[in-house]
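Here the structure is laid out as structure tokens; the discussion comes afterwards.
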Amino acid sequence: MDSKQIQLANDPVELVIWDVAGKSALAALNQTCLRGASGVIAVADGTREPTLRSAPHLLMQAKTLLQDPAAVMLVNKFDLIDRWEVPPAAVAESRTTMPASESNAVTGQGIDAASEDIAAQVAQ
């Protein structure tokens, strides 16, 4: 678990970050970690195409547990794009249902933007 504070205009938004470590179903999680959550950032692994299919399913499950959560999806490992199994068209298709972008946890690319996006959605 980690936390991050995002400053939006005059209002800070505190993000509490839970890494579900590749779980494919929220039932496998201790669902108490979701209690009180207002949003979800799902992270797919660009080098493993099945994770792109799992991320929207996790978000749908979260929506059954949370009241209208904000949602953002990241497709991680942009530094390894030459080894991606996820085609660009699949990422583009994901953008039709939720904000989605590429990220790189090593360099931080896309992480701050996703954090700011989810914070803005939560603050609305």
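The values are calculated or read from the model by the stated rules, or taken from the named source; none is laboratory data. The structure displayed is predicted, hence computed values, not measured ones. Here the Cβ is made from the backbone with ideal geometry for all residues, glycine too, and neighbour counts use every protein chain on show.
Here is a yes/no grid of residues against (1) farther than 21 Å from residue 117 by Cβ; (2) at pLDDT 80 or above; (3) not in a helix (DSSP H, G or I):
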position: 19; (1), (2), (3): no, no, yes
position: 32; (1), (2), (3): yes, no, no
position: 42; (1), (2), (3): no, yes, yes
position: 47; (1), (2), (3): yes, yes, yes
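The listed residues are 103, 94, and the only one of them that is polar (S, T, N, Q) and either free of Cβ contacts under 8 Å to residues at least 40 places away in the same chain or out of contact with any Pro (no Cβ under 8 Å at 6 or more places or on another chain) (or both) turns out to be 103. Selection of first residues in region 27-40 that are closer than 17 Å to residue 57 by Cα and of second residues that are modelled with pLDDT of 75 or more and among the charged types (D, E, K, R), restricted to Cβ pairs under 9 Å at least 6 apart or on distinct chains, gives the following pairs, ordered by first then second residue: 40/63. Quick one: what pairs do we get from region 74-87, first residue closer than 10 Å to residue 44 by Cβ, second surrounded by 13 or more Cβ atoms within 10 Å (Cβ to Cβ) and aromatic (Phe, Trp, Tyr), C-beta under 8 Å, 6+ apart or different chains? Final answer for the pair search is 77/84. The residues of region 49-83 that are in contact with a helix residue (DSSP H, G or I) (Cβ under 8 Å, 6 or more places away or on another chain), of a type outside the set (D, E, K, R) and over 17 Å from residue 114 (Cα atoms), listed by number, are 58, 61, 62, 65, 66.
Scanning region 96-113 for residues that are touching a strand residue (DSSP E or B) at 6+ places or on another chain (Cβ under 8 Å) and on the phi < 0 side of the Ramachandran plot yields 98, 99, 100, 101, 102, 103, 104, 105, 109, 111, 113.
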